[in-house]
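Okay, so here's the structure we're looking at.
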Amino acid sequence: MSATTTFAPSCTPSHTDTQPLPVLGREVLVPLVTGGEAPYAALDYAASAPALQRVWDDVAAYAPYYGSVHRGAGHLSQLSTELYEQSRRTVAEFLGCREGDQVVFTRATTDSLNLLASVLPQGTSVFVFETEHHASLLPWRAHEVTYLDAPRSPEQAVATLESALRSAPAGPKLVCVTGASNVTGEVWPVRELARAAHRHGARLVLDAAQLAPHRPVSLAGLEADWVALSGHKLYAPFGAGVLAGRADWLRTAEPYLAGGGASRRVTRGPDGSVAVEWQHNEARHEAGSPNVIGAYAIASACRALTEAGFGRLIAREEQLLARLRAGLAGLPEVRILSLFGQDADRVGVLSFVVEGWNSSHFAAALSAEYGIGVRDGLFCAHPLLRTLLGQQGDTPGECGAPEAAPGELPQPSAGGTPTLNAVRVSFGAGTPDEHVDRFVAAVRELVREGARWNYRTEDGRCVPEKAQAPAAG
């Protein structure tokens, strides 16, 4: 009996052209320091998007049938194995994989790119822009890495890469580039960069963690060699990710992890040594018991987004983005961060600083006084934030307020403009209009009237004072 006949995945879209997709958490109420509660406005999709209701329902329907994958003769084990491999095929279709491409299930984008880094042939030269998220900036350090300066236009990005590759040494070469910035939301010219890479004998891996939840991603269409993404940003937060693409380097390298599943045959020789014959398919890099629920959740999200139609989702997101930017445009104290300019194509991710405010203080006030969840800090993209904020040298840690004495409110830099961190607002297919409108109204009120509560630093974070006393003045 097949997985699809035993528990059918949801297949009826529960939305209209103008409505967000149903997600978990829409009815959650959070306490406000000023009294009462408010529906939580989740505007941190770029970090982790809420689970689609469709994904949750599919996982719940499968849960009673959960069993070991590739490891059992029992009915539930066979069912789970079929489901796992069908999920692989669903993801391959969603990502426009070509004949011969492999889809390897991982833990997340970071895991996917570290896996790819581990299989690069000896002597591979890697090229990566300083604008990358740390997940795509750091895994290559065991190889010869060329870090490229931040471009100020898509055209400059292509020209910068062309110049670097033109003078690259002989041997295998890899370019790693993001599809959409996790800081600015700006969309990168992936196809043009892939073509530039191929002109110079290089391969390209696409970090699609931020792009895939917002735009269709096709390996064939973008002419990329690999793509990496995370389930927790794709409305499937169940601990899985994907590396998909060319099989040759994956097949010839040592397994990413050694263990059961990755091994095809293990024997002992007369001298007591152990010899291993490794798998040649995706299992080579999926040692251990596979995360079948995580894989199935990603496949469910892929189906849901495909059925909803990216055309509709993009149109609605652009409306929300226009609404957000129009609201912030009337506040001269707010400076939106951008590499390619304010008219650049972008997904629903936007970072900004506010004159006279430390960004951690601003984000804390949004949460404590308005029930709005955003991100503050450097967003695991320290070099990019330094460039956008005009910083030189060291900056504070990843998140939270700058160093201050215990209980002391973090202060903006000289001149009233904070340069230590930024605020990021991000949204997607499950965001209602009301959340964006409430965010804009809250920003306007904070900028014009200030916080209504007192705040302090605690363990590196800006938090509201516990005492029930509003801010003076």
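The values are calculated or read from the model by the stated rules, or taken from the named source; none is laboratory data. This structure is a prediction, so every number in the text was calculated from the model and none was measured. Positions of Cβ are generated from backbone atoms using ideal geometry, with glycine treated the same way; all protein chains shown enter the neighbour counts.
Descriptive notes on the structure:
- Total residues in region 330-354 satisfying the condition of being more than 15 Å from W188 (Cα to Cα) and modelled with pLDDT under 95: the figure is 1.
- Residues of region 111-133 satisfying the condition of being assigned to a loop (DSSP other than H, G, I, E, B) and either among the small types (G, A, S) or more than 19 Å from H200 (Cβ to Cβ) (or both): Q122, G123, E130, T131, E132, H133
- Candidate set: region 23-75, residues that are within 26 Å of C302 (Cβ to Cβ) and among the polar types (S, T, N, Q); chosen: the one nearest to the chain's Cα centre (by Cα): S48
- Qualifying residue in region 164-171 (condition: assigned to a strand (DSSP E or B), farther than 30 Å from A315 by Cβ and either out of contact with any strand residue (DSSP E or B) (no Cβ under 6 Å at 6 or more places or on another chain) or not assigned by TED's automatic domain parsing to the domain that holds R386 (or both)): no
- Qualifying positions in region 299-322 - touching a residue at least 60 places away in the same chain (Cβ under 8 Å), under 23 Å from W188 (Cα atoms) and charged (D, E, K, R): R312, R316, E317
- Single unsatisfied condition, V33 versus (1) modelled with pLDDT of 95 or more; (2) surrounded by fewer than 15 Cβ atoms within 10 Å (Cβ to Cβ); (3) β-branched (V, I, T): (2)
- G201 meets all of the listed conditions (1) surrounded by 21 or more Cβ atoms within 10 Å (Cβ to Cβ); (2) not in a helix (DSSP H, G or I) but one, namely (1).
- The condition of being touching a residue at least 24 places away in the same chain (Cβ under 8 Å), outside any loop (DSSP other than H, G, I, E, B), within 30 Å of G72 (Cα to Cα) and not charged (D, E, K, R) holds for only one of L161, L250, that being L250.
- For region 314-390, the strands (runs of 3 or more DSSP E) that sit wholly inside it and include 1 or more residues that are buried (at least 21 other Cβ atoms within 10 Å of the Cβ), in contact with a helix residue (DSSP H, G or I) (Cβ under 6 Å, 6 or more places away or on another chain) and not β-branched (V, I, T) are 375-377.
- Condition met for A304 (farther than 20 Å from L211 by Cα, in contact with a Leu (Cβ under 7 Å, 6 or more places away or on another chain) and not in a loop (DSSP other than H, G, I, E, B)): no
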